[in-house]
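A.B. asks: Before we start, here is the structure in question, set down as structure tokens.
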Amino acid sequence: MSLQDHLLARIAQDGPMSVADFMTDCLLHPTHGYYTTRDPLGTQGDFITAPEISQMFGELIGLSLAQSWLDQGHPPNFVLAELGPGRGTLMADILRATSRVPGFHVAAEIVLLEVSPTLRSIQAQTLKGYDPRWIDSVADLPEAPLFLIANEFFDALPIRQFQRTGNGWRERLIGAAGNALIWGLGPLAEQVALKDRLDDTKDGDVVELCAAAIPIITVIAGRIATHGGAGVIVDYGDWHSQGDTFQALRAHERADPLAVPGQADLTAHVDFEPLALATRAAGCAHSRLTPQGVFLERLGITTRAQTLSAQLDGSKRDDLIAAHRRLTHPEEMGNLFKVLGLYPSPSSPPPGLEP
Ligand code: SAH
């Protein structure tokens, strides 16, 4: 049975499904899911991420986390964790850049949260020699100081969409017409979680809720508040996102999310406001939401690019200059991507971020 048939059967039995249920099936279905069955990253894949663009991204984040570890009195046993590590490239760059920080590697237990068996085996390959451990849920993060990175993880979590109708909301749902998947709207209902969104929306506007992000960020913030540490969350999105940001990417092109279920990456922009609220509710501090370009510039990406390019020539040098621009320029990833830092209240945010 194809994923399309599975979705049609599910809709026939239970009625139209939420975007969240559709995303979960398309991305994580055990035999047909997009992430569970393939390596989607890189130029041959469907999309490319910052660590796959340049080693500089992971190097600078590694040094920021290591400086935070030093600033907090270099705790002798800590967890160095990543959520959704893709090919393991970012963690490998973090580890290479921090190899000369005395004591950092000895004190670190490397823990990776990953659902995809395909990507887990690629991560094992990339990180062999470092002895990482995989977990299925953030609840399995050890009770210890936590230094954590998540790049393009939260955008893959399932969202629900609601369209404002008068002073109520109708959920955007996915139904079927014959063998095709189609959009529809659920019945008008009050939504407690959207009460304060009546102030900044008008009739017809769409808002998105990512319920799955809240328990995840709550556990991370709780660990950092209790044991110390730092979290660096990087993703595209904004404070108080609005509108329909649900999108499919296939072979680096936008696709219709309903046309090729399981064959395209599905994401939504991250609304950082509820993540920040949940962080504070868990007793943890967070930084200002900072554009990725500003964050990387503060960490010295331009100096690093100059050092690296001095050792290169020809097309390798052009590639490095292009990568620097891509990661930092406001018209490329520099402004669309944002960074939120988590840290225990009495200390400072990781370098590159401001309280
Ligand atoms: N951080 C990497 C990869 C981003 S792609 C990079 O920057 O290159 C998203 C990653 O999150 C993939 O590794 C995917 O398998 C993983 N992922 C997606 N949803 C997940 C979930 N619910 N639980 C755990 N991992 C998930």
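The values are calculated or read from the model by the stated rules, or taken from the named source; none is laboratory data. This is a predicted model, so every value here is computed, not measured. Every residue, glycine as well, gets a Cβ built from its backbone with ideal geometry; the counts of neighbours run over all protein chains shown.
A.B. asks: Of a type in the set (Ser, Thr, Tyr), crowded, with 20+ Cβ neighbours inside 10 Å and part of a helix (DSSP H, G or I): which single residue out of 302, 279, 307 fits that description?
C.D. replies: 279
A.B. asks: Residue pairs, Cβ under 6 Å, 6 or more apart or interchain, first in segment 241-266 and of a type in the set (Val, Ile, Thr), second away from the ligand (no atom under 14 Å from the Cβ) and assigned to a loop (DSSP other than H, G, I, E, B). List them.
C.D. replies: 245/269
A.B. asks: Consider residue 334 carefully, then state whether it is touching a residue at least 40 places away in the same chain (Cβ under 8 Å), assigned to a loop (DSSP other than H, G, I, E, B) and more than 24 Å from residue 207 (Cβ to Cβ).
C.D. replies: In short, no.
Table: residues versus (1) in contact with a His (Cβ under 6 Å, 6 or more places away or on another chain); (2) on the phi < 0 side of the Ramachandran plot; (3) assigned to a helix (DSSP H, G or I); (4) at pLDDT 95 or above.
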{"site": "6", "(1), (2), (3), (4)": "no, yes, yes, yes"}
{"site": "9", "(1), (2), (3), (4)": "no, yes, yes, yes"}
{"site": "13", "(1), (2), (3), (4)": "no, yes, yes, yes"}
{"site": "22", "(1), (2), (3), (4)": "no, yes, yes, yes"}
{"site": "25", "(1), (2), (3), (4)": "no, yes, yes, yes"}
{"site": "36", "(1), (2), (3), (4)": "no, yes, yes, no"}
{"site": "44", "(1), (2), (3), (4)": "no, yes, no, no"}
{"site": "52", "(1), (2), (3), (4)": "no, yes, yes, yes"}
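A.B. asks: Taking the stated definitions as given, is residue 185 modelled with pLDDT under 95, in contact with a Ser or Thr (Cβ under 9 Å, 6 or more places away or on another chain), over 15 Å from residue 83 (Cβ atoms) and not acidic (Asp, Glu)?
C.D. replies: The answer is no for residue 185.
A.B. asks: Of all residues in segment 97-124, count the ones that are part of a helix (DSSP H, G or I) and within 18 Å of the chain's Cα centre (by Cα).
C.D. replies: 3
A.B. asks: Would you mention how many residues in segment 100-123 are among the β-branched types (Val, Ile, Thr), without any contact (Cβ under 8 Å) to a residue 60 or more places away in the chain and surrounded by 15 or more Cβ atoms within 10 Å (Cβ to Cβ)?
C.D. replies: Residues meeting the conditions: 3.
A.B. asks: Would you point out the residue of segment 12-48, among those that are in contact with a Gly (Cβ under 6 Å, 6 or more places away or on another chain) and within 16 Å of residue 180 (Cα to Cα), that is farthest from the ligand (Cβ to nearest atom)?
C.D. replies: For segment 12-48, the residue satisfying everything is 16.
A.B. asks: Of all the residues that make up segment 156-175, how many are part of a strand (DSSP E or B), touching a helix residue (DSSP H, G or I) at 6+ places or on another chain (Cβ under 8 Å) and either free of Cβ contacts under 8 Å to residues at least 40 places away in the same chain or within 16 Å of the ligand (Cβ to nearest atom) (or both)?
C.D. replies: 2
A.B. asks: On to the next question. Could you tell me whether residue 146 is under 30 Å from residue 346 (Cα atoms), of a type outside the set (Gly, Ala, Ser) and touching a His at 6+ places or on another chain (Cβ under 9 Å)?
C.D. replies: yes
A.B. asks: I've got another one for you. I need a count of the residues in segment 202-227 that are in contact with a Leu (Cβ under 8 Å, 6 or more places away or on another chain) and away from the ligand (no atom under 14 Å from the Cβ).
C.D. replies: Of the residues in that region, 6 qualify.
A.B. asks: From the list 71, 5, which residue is charged (D, E, K, R), under 20 Å from residue 295 (Cα atoms) and surrounded by fewer than 17 Cβ atoms within 10 Å (Cβ to Cβ)?
C.D. replies: When all the criteria are applied, what remains is 71.
A.B. asks: Which pairs have Cβ atoms under 6 Å, sit 6 or more apart or on different chains, and link a residue in segment 131-143 that is among the basic types (Lys, Arg) and surrounded by 12 or more Cβ atoms within 10 Å (Cβ to Cβ) to one that is at pLDDT 95 or above and not in a helix (DSSP H, G or I)?
C.D. replies: Every condition considered, the pairs that remain are 133/111.
A.B. asks: Every residue in segment 100-155 that is of a type in the set (Val, Ile, Thr) and away from the ligand (no atom under 13 Å from the Cβ), please.
C.D. replies: 101, 106, 110
A.B. asks: Of all residues in segment 73-95 being away from the ligand (no atom under 16 Å from the Cβ) and not in a loop (DSSP other than H, G, I, E, B), which is farthest from residue 40 (Cα to Cα)?
C.D. replies: 78
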